[in-house]
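K.L.:
Sharing a structure here in structure tokens format.
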Amino acid sequence: MSLLRVSGLSRSFGGLKAVDDVSFDLEAGQLLALLGPNGAGKSTCFNMVNGQLRPSAGSIVFDGHELVGRRPRDIWRLGVGRTFQIAATFNSMTVLENVQMALVSRERKLFGLWKAASSWFADEALHLLEQVGMADDAHRACGVLAYGDVKRVELAIALANRPKLLLMDEPTAGMAPGERSDLMALTRRLATDHQIGVLFTEHSMDVVFASADRMIVLARGKLIAEGDADTIRNDAHVQEVYFGTGKTFQPRASLAGNGPAAGAPR
Ligand code: ADP
Ligand code: MG
């Protein structure tokens, strides 16, 4: 049984089919990239899996549970973690304290009580920080960290809940190329070590080809291709639709041939 099985997933906004009959599977330990140009429906698809958005149709079965109709908090409890944007870490708190908070929050769901103490879960938090390479920065404030390091702390926070599935919406947005490949290599290692399935969205093909086991490509809400890097790279439909954005730059050269009206200043 797949860790995640999405079948016939659809969501419309008014007359617009943002996600149209999308189906895919994800196995434990695998990195699956959801790829596509801007507006393809990646975030919409993603937000249906985490419970933020209700599908118009379809089913999302995770670890034997139907997720459609459940609230985000309940989905999180079942073991679906996600990395949040930068604002989710508390800048005035240290790196260690941020991860401790996440651990306290996890235990709270078990015991139904809140005990705030600086020693709580410090060892476990430090262990999580070691796994993302941030143990040496444990006692620095999150607010002074470089962007790529904040992303690592976000990963440690997501791991605190011991997710079986980790969702990341454009995790490398705003990062330099070197940082991107580092973060995805780290994600790859964590997925393997903990047998976590990772579903991430990305619009850069380079990031995806280097890190994902499999990818699915959306265009205008429809799934147009699925497979490994080679399959996707050589897919005619993907080349046509995805790289179509690049082709719009080509007519520049032929613009001169359109006559003076095309470029005439007013
Ligand atoms: P991506 O993440 O691939 O860039 P999105 O899933 O954000 O794409 O958007 C897919 C399409 O759905 C776009 O045309 C977008 O304008 C539209 N859309 C997304 N969210 C909403 C919403 N809440 N209301 C109306 N239209 C939306
Ligand atoms: Mg998006």
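K.L.:
For the range 151-165, check the following and say yes or no: at least one residue is in a loop (DSSP other than H, G, I, E, B) and touching a Ser or Thr at 6+ places or on another chain (Cβ under 7 Å).
P.N.:
No, the range 151-165 contains no residue that is in a loop (DSSP other than H, G, I, E, B) and touching a Ser or Thr at 6+ places or on another chain (Cβ under 7 Å).
K.L.:
Part of a loop (DSSP other than H, G, I, E, B), buried (at least 17 other Cβ atoms within 10 Å of the Cβ) and of a type in the set (A, V, I, L, M) - does that describe any residue in the range 2-15? Lay out the reasoning, then the answer.
P.N.:
In the first step, residues of the range 2-15 are kept if they are part of a loop (DSSP other than H, G, I, E, B); the result is 2-3, 14-15.
Now narrow it down to the ones that are buried (at least 17 other Cβ atoms within 10 Å of the Cβ): 3.
Still in the running and of a type in the set (A, V, I, L, M): 3.
Among the residues of the range 2-15, at least one is part of a loop (DSSP other than H, G, I, E, B), buried (at least 17 other Cβ atoms within 10 Å of the Cβ) and of a type in the set (A, V, I, L, M), which makes the answer yes.
K.L.:
Regarding residue 87, is this residue away from ligand 2 (no atom under 16 Å from the Cβ), modelled with pLDDT under 90, under 20 Å from the mean Cα position of the chain (by Cα) and surrounded by 17 or more Cβ atoms within 10 Å (Cβ to Cβ)?
P.N.:
Numbers: away from ligand 2 (no atom under 16 Å from the Cβ): yes; modelled with pLDDT under 90: yes; under 20 Å from the mean Cα position of the chain (by Cα): yes; surrounded by 17 or more Cβ atoms within 10 Å (Cβ to Cβ): no.
Considered against the rule, which asks whether it is away from ligand 2 (no atom under 16 Å from the Cβ), modelled with pLDDT under 90, under 20 Å from the mean Cα position of the chain (by Cα) and surrounded by 17 or more Cβ atoms within 10 Å (Cβ to Cβ), residue 87 comes out as no.
K.L.:
Next question, about the same structure. Here is a list of conditions, (1) part of a helix (DSSP H, G or I); (2) among the polar types (S, T, N, Q); (3) in contact (Cβ under 8 Å) with a residue 12 or more places away in the chain, and residue 172 meets all of them except one; can you say which number that is?
P.N.:
It is condition (1) that residue 172 fails.
The rows are residues; the columns are (1) outside the structural domain of residue 45 (by TED's automatic domain parsing); (2) out of contact with any Pro (no Cβ under 8 Å at 6 or more places or on another chain).
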{"residue": "144", "(1), (2)": "yes, yes"}
{"residue": "148", "(1), (2)": "yes, yes"}
{"residue": "152", "(1), (2)": "yes, yes"}
{"residue": "168", "(1), (2)": "no, yes"}
{"residue": "178", "(1), (2)": "no, yes"}
{"residue": "181", "(1), (2)": "no, yes"}
{"residue": "191", "(1), (2)": "no, yes"}
{"residue": "195", "(1), (2)": "no, yes"}
{"residue": "203", "(1), (2)": "no, no"}
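K.L.:
Does the range 159-174 hold any residues that are within 15 Å of the chain's Cα centre (by Cα) and modelled with pLDDT under 90, and which are they?
P.N.:
169, 170, 171, 172, 173, 174
For every residue, the table says whether it meets (1) surrounded by fewer than 22 Cβ atoms within 10 Å (Cβ to Cβ); (2) within 16 Å of ligand 1 (Cβ to nearest atom).
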position: 38; (1), (2): yes, yes
position: 49; (1), (2): no, yes
position: 52; (1), (2): yes, yes
position: 95; (1), (2): no, no
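K.L.:
In the set 197, 148, which member is over 28 Å from residue 22 (Cα atoms) and either without any contact (Cβ under 8 Å) to a residue 40 or more places away in the chain or small (Gly, Ala, Ser) (or both)?
P.N.:
148
K.L.:
Here's a check for you: in the range 104-132, which residue that is in a loop (DSSP other than H, G, I, E, B) and surrounded by 15 or more Cβ atoms within 10 Å (Cβ to Cβ) is modelled with the lowest pLDDT?
P.N.:
120
K.L.:
Would you check which residues across the range 54-81 are among the polar types (S, T, N, Q) and more than 16 Å from ligand 1 (Cβ to nearest atom) and list them?
P.N.:
Within the range 54-81, 59 is the sole residue that qualifies.
K.L.:
Please give the strands (runs of 3 or more DSSP E) falling wholly within the range 190-232 in which 2 or more residues are buried (at least 18 other Cβ atoms within 10 Å of the Cβ) and in contact with a Leu (Cβ under 7 Å, 6 or more places away or on another chain).
P.N.:
Working: elements: 197-202, 214-219, 222-227.
Hits in the range 190-232: 197-202, 214-219.
K.L.:
Among residues belonging to the range 33-75 that are of a type in the set (S, T, N, Q) and away from ligand 2 (no atom under 12 Å from the Cβ), point out the one that is farthest from residue 196 (Cα to Cα).
P.N.:
56
The values are calculated or read from the model by the stated rules, or taken from the named source; none is laboratory data. Keep in mind that what you see is a predicted model, and the values were worked out from it rather than measured. Here the Cβ is made from the backbone with ideal geometry for all residues, glycine too, and neighbour counts use every protein chain on show.
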